[in-house]
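Trainee: Structure below; questions to follow.
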Amino acid sequence: MPVIVSAPGRVNLIGDHTDYTQGLVLPMVLDVATTITGDFTDDRSWHLVSDDEPLPVVLALPIERPDLVEPRWGRYVAGVLHELERAGRTVRGFSGRVSTTIPIGSGLSSSAALEIAVARVATADDSMSDTEMALLCQRAEHLASGVPCGIMDQLCIASGRAGHATLIDCRDLTIEHVSIPSAVAVDVEFVAPRTLAGSEYADRVAETAAVERIIGPLRDASPESLASIADDTLRRRARHVISENQRVRDFVAALGAKDWVEAGRLMTESHRSLSRDFETSNATMDAAVERTLRRPGVLGARMTGGGFGGCVVALSSVE
Ligand code: GLA
(Lines give C-alpha, C1' and ligand atoms only; values in the text may rest on other atoms or scores of the structure.)
Protein backbone atom coordinates (compact mmCIF):
# COMPACT_ATOMS: atom_id res chain seq x y z
CA MET A 1 0.00 0.00 0.00
CA PRO A 2 1.46 3.38 -0.95
CA VAL A 3 2.54 5.64 1.91
CA ILE A 4 1.72 9.37 1.89
CA VAL A 5 2.86 11.54 4.79
CA SER A 6 3.47 15.23 5.16
CA ALA A 7 4.88 17.65 7.72
CA PRO A 8 4.32 21.42 7.71
CA GLY A 9 6.71 24.36 7.84
CA ARG A 10 6.61 26.66 10.86
CA VAL A 11 6.92 30.32 11.68
CA ASN A 12 7.77 31.59 15.13
CA LEU A 13 5.45 34.34 16.38
CA ILE A 14 7.59 35.22 19.40
CA GLY A 15 10.21 33.61 21.62
CA ASP A 16 13.40 33.31 19.59
CA HIS A 17 16.71 32.04 20.92
CA THR A 18 15.04 30.92 24.12
CA ASP A 19 14.52 27.21 23.39
CA TYR A 20 18.09 26.07 24.04
CA THR A 21 18.02 27.57 27.52
CA GLN A 22 14.75 25.85 28.46
CA GLY A 23 12.66 28.94 27.78
CA LEU A 24 9.29 29.66 26.19
CA VAL A 25 8.49 29.76 22.47
CA LEU A 26 5.32 30.39 20.46
CA PRO A 27 5.67 29.04 16.92
CA MET A 28 2.83 27.96 14.64
CA VAL A 29 2.56 25.54 11.76
CA LEU A 30 2.04 26.97 8.28
CA ASP A 31 -0.09 25.74 5.42
CA VAL A 32 3.00 24.82 3.41
CA ALA A 33 4.38 21.32 3.84
CA THR A 34 6.83 18.64 2.79
CA THR A 35 5.24 15.45 1.47
CA ILE A 36 6.77 12.01 1.00
CA THR A 37 5.03 9.41 -1.13
CA GLY A 38 6.29 5.92 -1.84
CA ASP A 39 6.31 2.26 -0.88
CA PHE A 40 8.12 0.11 1.61
CA THR A 41 10.54 -2.34 0.02
CA ASP A 42 11.98 -5.67 1.10
CA ASP A 43 15.61 -4.58 1.02
CA ARG A 44 17.58 -2.65 3.63
CA SER A 45 17.85 0.63 1.79
CA TRP A 46 16.14 4.00 1.33
CA HIS A 47 15.85 5.52 -2.10
CA LEU A 48 14.37 9.03 -2.36
CA VAL A 49 14.09 11.41 -5.26
CA SER A 50 13.20 15.05 -4.71
CA ASP A 51 11.27 17.47 -6.89
CA ASP A 52 13.67 20.21 -5.75
CA GLU A 53 17.05 18.50 -5.80
CA PRO A 54 18.94 17.22 -8.83
CA LEU A 55 20.44 14.14 -7.16
CA PRO A 56 18.58 11.29 -5.43
CA VAL A 57 19.42 9.98 -1.98
CA VAL A 58 20.39 6.32 -1.76
CA LEU A 59 21.09 5.01 1.73
CA ALA A 60 22.05 1.50 2.80
CA LEU A 61 20.98 0.66 6.35
CA PRO A 62 22.41 0.83 8.93
CA ILE A 63 23.87 4.30 8.44
CA GLU A 64 27.05 4.97 10.40
CA ARG A 65 27.89 8.59 9.45
CA PRO A 66 24.85 10.71 8.49
CA ASP A 67 27.12 13.79 8.42
CA LEU A 68 29.07 12.41 5.44
CA VAL A 69 26.10 11.54 3.22
CA GLU A 70 25.94 13.05 -0.28
CA PRO A 71 23.98 14.81 -1.66
CA ARG A 72 23.68 16.96 1.43
CA TRP A 73 19.90 16.94 1.70
CA GLY A 74 20.23 13.21 2.35
CA ARG A 75 21.93 13.98 5.67
CA TYR A 76 18.59 14.90 7.26
CA VAL A 77 17.06 11.65 6.03
CA ALA A 78 20.10 9.67 7.15
CA GLY A 79 20.17 11.41 10.54
CA VAL A 80 16.61 10.36 11.29
CA LEU A 81 17.10 6.75 10.14
CA HIS A 82 20.35 6.54 12.12
CA GLU A 83 18.65 7.81 15.28
CA LEU A 84 15.67 5.47 14.82
CA GLU A 85 17.96 2.45 14.61
CA ARG A 86 19.98 3.69 17.56
CA ALA A 87 16.70 3.88 19.51
CA GLY A 88 16.12 0.20 18.74
CA ARG A 89 13.48 0.70 16.06
CA THR A 90 13.38 -1.58 13.03
CA VAL A 91 13.63 0.56 9.90
CA ARG A 92 12.13 -0.97 6.75
CA GLY A 93 13.42 -0.23 3.27
CA PHE A 94 11.57 2.50 1.38
CA SER A 95 11.48 3.97 -2.09
CA GLY A 96 9.72 7.24 -2.76
CA ARG A 97 9.57 10.88 -3.73
CA VAL A 98 9.85 14.09 -1.70
CA SER A 99 8.12 17.29 -2.68
CA THR A 100 7.67 20.49 -0.73
CA THR A 101 5.84 23.78 -0.81
CA ILE A 102 8.07 25.14 2.01
CA PRO A 103 10.59 27.58 0.55
CA ILE A 104 13.96 25.89 1.20
CA GLY A 105 16.60 27.84 3.16
CA SER A 106 14.17 30.60 4.11
CA GLY A 107 14.03 30.00 7.86
CA LEU A 108 10.64 28.24 7.81
CA SER A 109 12.10 24.92 8.96
CA SER A 110 12.16 22.97 5.71
CA SER A 111 14.83 20.70 7.22
CA ALA A 112 12.82 19.95 10.38
CA ALA A 113 9.77 19.24 8.19
CA LEU A 114 11.80 16.77 6.12
CA GLU A 115 13.02 15.09 9.32
CA ILE A 116 9.53 14.75 10.77
CA ALA A 117 8.16 13.50 7.44
CA VAL A 118 10.89 10.83 7.27
CA ALA A 119 10.21 9.85 10.88
CA ARG A 120 6.48 9.59 10.12
CA VAL A 121 7.16 7.28 7.19
CA ALA A 122 9.60 5.13 9.13
CA THR A 123 7.28 4.79 12.14
CA ALA A 124 4.14 4.28 10.04
CA ASP A 125 3.40 0.91 11.59
CA ASP A 126 5.00 1.49 15.00
CA SER A 127 3.87 4.88 16.24
CA MET A 128 5.83 7.27 18.42
CA SER A 129 4.74 10.22 20.57
CA ASP A 130 5.13 13.72 19.12
CA THR A 131 7.67 14.61 21.81
CA GLU A 132 9.76 11.49 21.32
CA MET A 133 9.72 12.05 17.55
CA ALA A 134 10.70 15.70 17.94
CA LEU A 135 13.62 14.88 20.27
CA LEU A 136 14.81 12.17 17.87
CA CYS A 137 14.61 14.58 14.91
CA GLN A 138 16.44 17.28 16.89
CA ARG A 139 19.32 14.81 17.43
CA ALA A 140 19.17 14.00 13.71
CA GLU A 141 19.42 17.72 12.86
CA HIS A 142 22.48 18.05 15.13
CA LEU A 143 24.13 15.14 13.31
CA ALA A 144 23.12 16.25 9.83
CA SER A 145 23.90 19.96 9.99
CA GLY A 146 26.20 20.33 12.99
CA VAL A 147 23.96 23.19 14.21
CA PRO A 148 23.18 22.78 17.96
CA CYS A 149 19.53 23.76 17.49
CA GLY A 150 16.88 23.69 20.20
CA ILE A 151 13.63 21.72 20.18
CA MET A 152 11.23 24.41 18.90
CA ASP A 153 11.05 23.56 15.19
CA GLN A 154 10.75 19.80 15.45
CA LEU A 155 8.24 19.89 18.34
CA CYS A 156 6.05 22.53 16.73
CA ILE A 157 6.00 20.62 13.44
CA ALA A 158 5.31 17.29 15.16
CA SER A 159 2.49 18.61 17.33
CA GLY A 160 1.11 21.83 15.81
CA ARG A 161 -2.56 22.37 14.99
CA ALA A 162 -3.91 24.48 12.12
CA GLY A 163 -5.17 27.88 13.24
CA HIS A 164 -3.25 27.64 16.52
CA ALA A 165 0.12 28.69 17.80
CA THR A 166 2.04 26.15 19.88
CA LEU A 167 3.16 27.45 23.25
CA ILE A 168 6.08 25.21 24.19
CA ASP A 169 7.75 25.19 27.56
CA CYS A 170 11.20 24.01 26.52
CA ARG A 171 12.01 22.98 30.09
CA ASP A 172 9.43 20.24 30.53
CA LEU A 173 8.31 20.09 26.86
CA THR A 174 4.68 20.70 27.72
CA ILE A 175 2.53 22.18 24.96
CA GLU A 176 -0.49 24.44 24.92
CA HIS A 177 -2.38 25.10 21.69
CA VAL A 178 -3.20 28.81 21.57
CA SER A 179 -5.97 29.74 19.15
CA ILE A 180 -5.15 32.58 16.76
CA PRO A 181 -8.26 34.79 16.73
CA SER A 182 -9.83 35.64 13.39
CA ALA A 183 -9.55 39.36 14.23
CA VAL A 184 -5.82 39.19 13.48
CA ALA A 185 -3.80 37.89 10.57
CA VAL A 186 -0.31 36.44 10.64
CA ASP A 187 1.67 37.17 7.47
CA VAL A 188 5.07 35.80 6.58
CA GLU A 189 7.31 37.52 4.07
CA PHE A 190 10.49 36.01 2.71
CA VAL A 191 13.35 38.52 2.81
CA ALA A 192 16.72 36.83 2.32
CA PRO A 193 18.11 33.28 2.11
CA ARG A 194 19.99 32.01 5.11
CA THR A 195 21.63 28.95 6.53
CA LEU A 196 22.39 28.46 10.22
CA ALA A 197 25.31 26.15 9.45
CA GLY A 198 28.45 28.26 9.72
CA SER A 199 26.46 31.20 11.18
CA GLU A 200 26.87 32.68 14.64
CA TYR A 201 24.02 30.47 15.92
CA ALA A 202 26.46 28.12 17.67
CA ASP A 203 28.24 31.14 19.19
CA ARG A 204 24.96 32.29 20.74
CA VAL A 205 24.39 28.83 22.21
CA ALA A 206 27.91 28.99 23.72
CA GLU A 207 27.39 32.55 25.00
CA THR A 208 24.15 31.69 26.77
CA ALA A 209 25.86 28.66 28.33
CA ALA A 210 28.59 31.02 29.57
CA VAL A 211 25.91 33.31 31.04
CA GLU A 212 24.34 30.37 32.85
CA ARG A 213 27.68 29.52 34.44
CA ILE A 214 27.53 32.99 36.03
CA ILE A 215 23.87 33.46 36.97
CA GLY A 216 22.39 29.96 36.78
CA PRO A 217 19.53 28.87 34.48
CA LEU A 218 18.33 31.77 32.30
CA ARG A 219 14.82 30.38 32.59
CA ASP A 220 14.83 31.21 36.32
CA ALA A 221 16.79 34.46 36.05
CA SER A 222 15.29 37.87 36.78
CA PRO A 223 16.30 41.20 35.19
CA GLU A 224 18.01 42.08 38.51
CA SER A 225 20.54 39.27 37.98
CA LEU A 226 21.90 41.12 34.92
CA ALA A 227 23.88 43.42 37.22
CA SER A 228 26.14 40.52 38.22
CA ILE A 229 27.32 39.91 34.64
CA ALA A 230 30.45 41.99 34.09
CA ASP A 231 30.91 41.31 30.39
CA ASP A 232 28.79 43.66 28.26
CA THR A 233 28.15 41.18 25.43
CA LEU A 234 27.09 38.39 27.79
CA ARG A 235 24.89 40.83 29.71
CA ARG A 236 23.06 41.81 26.52
CA ARG A 237 22.63 38.16 25.49
CA ALA A 238 21.10 37.43 28.90
CA ARG A 239 18.89 40.52 28.74
CA HIS A 240 17.43 39.30 25.46
CA VAL A 241 16.63 35.82 26.76
CA ILE A 242 15.17 36.97 30.10
CA SER A 243 13.02 39.66 28.47
CA GLU A 244 12.00 37.38 25.57
CA ASN A 245 10.65 34.70 27.92
CA GLN A 246 8.55 37.42 29.57
CA ARG A 247 7.38 38.69 26.17
CA VAL A 248 6.10 35.23 25.27
CA ARG A 249 4.00 35.16 28.45
CA ASP A 250 2.79 38.73 27.82
CA PHE A 251 1.97 37.98 24.18
CA VAL A 252 -0.21 35.00 25.11
CA ALA A 253 -1.92 37.16 27.76
CA ALA A 254 -2.46 39.96 25.22
CA LEU A 255 -4.10 37.53 22.76
CA GLY A 256 -6.33 36.29 25.57
CA ALA A 257 -7.29 39.87 26.44
CA LYS A 258 -7.93 40.65 22.73
CA ASP A 259 -5.31 43.40 23.01
CA TRP A 260 -3.95 43.08 19.48
CA VAL A 261 -2.07 46.37 19.71
CA GLU A 262 -0.10 45.11 22.70
CA ALA A 263 0.55 41.77 20.99
CA GLY A 264 1.96 43.60 17.97
CA ARG A 265 4.05 45.89 20.15
CA LEU A 266 5.60 42.88 21.88
CA MET A 267 6.57 41.35 18.52
CA THR A 268 8.32 44.53 17.43
CA GLU A 269 10.05 44.81 20.80
CA SER A 270 11.20 41.20 20.37
CA HIS A 271 12.79 42.13 17.04
CA ARG A 272 14.61 45.10 18.53
CA SER A 273 15.93 42.89 21.33
CA LEU A 274 17.16 40.29 18.84
CA SER A 275 18.78 43.02 16.80
CA ARG A 276 20.41 45.11 19.55
CA ASP A 277 21.06 42.63 22.35
CA PHE A 278 21.24 39.22 20.73
CA GLU A 279 22.71 40.40 17.42
CA THR A 280 21.07 37.76 15.25
CA SER A 281 19.55 40.27 12.85
CA ASN A 282 21.30 42.30 10.16
CA ALA A 283 20.69 45.51 8.20
CA THR A 284 18.59 43.74 5.56
CA MET A 285 16.27 42.15 8.14
CA ASP A 286 16.03 45.35 10.20
CA ALA A 287 15.06 47.33 7.08
CA ALA A 288 12.48 44.71 6.11
CA VAL A 289 10.89 44.90 9.58
CA GLU A 290 10.72 48.71 9.43
CA ARG A 291 9.18 48.53 5.93
CA THR A 292 6.59 46.02 7.13
CA LEU A 293 5.71 48.21 10.13
CA ARG A 294 4.78 51.07 7.77
CA ARG A 295 2.16 48.96 5.97
CA PRO A 296 -1.45 49.85 6.84
CA GLY A 297 -2.98 47.59 9.46
CA VAL A 298 0.33 46.11 10.66
CA LEU A 299 0.48 46.03 14.47
CA GLY A 300 3.90 44.48 14.90
CA ALA A 301 6.66 42.71 12.99
CA ARG A 302 9.85 40.80 13.64
CA MET A 303 12.42 38.59 12.08
CA THR A 304 11.49 34.99 12.83
CA GLY A 305 13.60 31.95 13.71
CA GLY A 306 17.35 31.56 13.87
CA GLY A 307 18.10 34.87 12.20
CA PHE A 308 20.85 36.22 9.92
CA GLY A 309 18.22 36.30 7.14
CA GLY A 310 15.04 34.39 6.47
CA CYS A 311 11.55 35.77 6.91
CA VAL A 312 9.67 38.58 8.64
CA VAL A 313 6.47 37.68 10.47
CA ALA A 314 3.84 40.38 10.96
CA LEU A 315 0.65 40.66 12.95
CA SER A 316 -2.14 42.72 11.39
CA SER A 317 -5.67 43.56 12.35
CA VAL A 318 -8.36 42.22 10.06
CA GLU A 319 -10.95 44.85 9.20
C1 GLA B 1 16.38 27.85 14.78
C2 GLA B 1 16.55 26.62 15.68
C3 GLA B 1 15.55 26.65 16.83
C4 GLA B 1 15.58 27.99 17.56
C5 GLA B 1 15.52 29.15 16.57
C6 GLA B 1 15.70 30.47 17.26
O7 GLA B 1 15.14 27.80 14.13
O8 GLA B 1 16.37 25.43 14.94
O9 GLA B 1 15.80 25.58 17.72
O10 GLA B 1 16.70 28.09 18.40
O11 GLA B 1 16.49 29.03 15.55
O12 GLA B 1 14.63 30.73 18.08
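Trainee: On a full-extension model of 0.36 nm per residue, what is the gain between Arg272 and Ala227, subtracting their alpha-carbon distance, rounded to one decimal in nm?
Mentor: Length gained between Arg272 and Ala227: 14.1 nm.
Trainee: Counting only the heavy atoms of the protein chains, how much of Thr131 is accessible to a 1.4 Å probe, in Å² to the nearest 10?
Mentor: The value for Thr131 is about 50 Å².
Trainee: Full extension from Phe40 to His164: what is 0.36 nm times the residue separation minus their Cα-Cα distance, to one decimal in nm?
Mentor: Length gained between Phe40 and His164: 41.3 nm.
Trainee: Taking a probe of 1.4 angstrom, what is the accessible area of Asp172 in Å², to the nearest 10?
Mentor: In the full protein context, Asp172 sits at about 90 Å².
Trainee: What fraction, in whole percent, of alpha-carbon pairs in the range 3-169 exceed 29 Å separation?
Mentor: Counting every Cα pair in the range 3-169, those more than 29 Å apart make up 13 percent.
Trainee: At 0.36 nm per residue, minus the direct Cα-Cα distance, what do Ile4 and Ala87 gain on full extension? Give it in nm, one decimal, please.
Mentor: 27.5 nm
Trainee: I would also like to ask the following. What is the magnitude of the charge dipole of the chain about its Cα centre, with +1 placed on the Cβ of each Lys and Arg, -1 on the Cβ of each Asp and Glu, and no other charges, expressed in debye to the nearest 20?
Mentor: That gives a dipole near 420 debye.
Trainee: Between Ser317 and Ala183, what is the label-to-label distance in nm when each label sits 7 Å out along the Cα-to-Cβ direction?
Mentor: It works out to 0.9 nm between the two label points.
Trainee: Follow-up question, since we're still on this one. Taking the Cα centre of the range 2-60 as origin and charging only Cβ (+1 Lys, Arg; -1 Asp, Glu), how large is the dipole, in debye to the nearest 20?
Mentor: Here the size comes out at about 200 debye.
Trainee: Is the range 84-172 rounded, prolate or oblate when judged by the Cα gyration tensor, a ≥ b ≥ c being the square roots of its eigenvalues, rounded requiring a/c under 1.5 and prolate requiring a/b larger than b/c?
Mentor: rounded
Trainee: Same structure, new question: Accessible surface of Ile214 in the full protein assembly, 1.4 angstrom probe, to the nearest 10 Å²?
Mentor: Taking all protein chains as shown, Ile214 has close to 90 Å².
Trainee: Over the range 87-237, calculate the relative contact order: mean separation of alpha carbon pairs under 8 Å at least 6 apart, over the residue count, as a percent.
Mentor: Once normalised by length, the contact order is 18 percent.
Trainee: Could you rank Asp31, Asp52 by how accessible they are, 1.4 Å probe, largest area first?
Mentor: Greatest to least solvent exposure: Asp31, Asp52.
Trainee: One-quarter of the Cα convex hull surface for the chain, in nm²?
Mentor: Convex hull of Cα atoms, orientation-averaged projection: 16.3 nm².
The values are calculated or read from the model by the stated rules, or taken from the named source; none is laboratory data. Just so it is clear, the structure is predicted and the values come from calculations on it, not from any experiment. Note that each Cβ is placed from the backbone with ideal geometry, even for glycine, and that neighbours are counted across all protein chains shown. Side chains included, ligands, DNA and RNA excluded: accessible areas come from the protein's heavy atoms. Shrake-Rupley method; radii C 1.70, N 1.55, O 1.52, S 1.80 Å.
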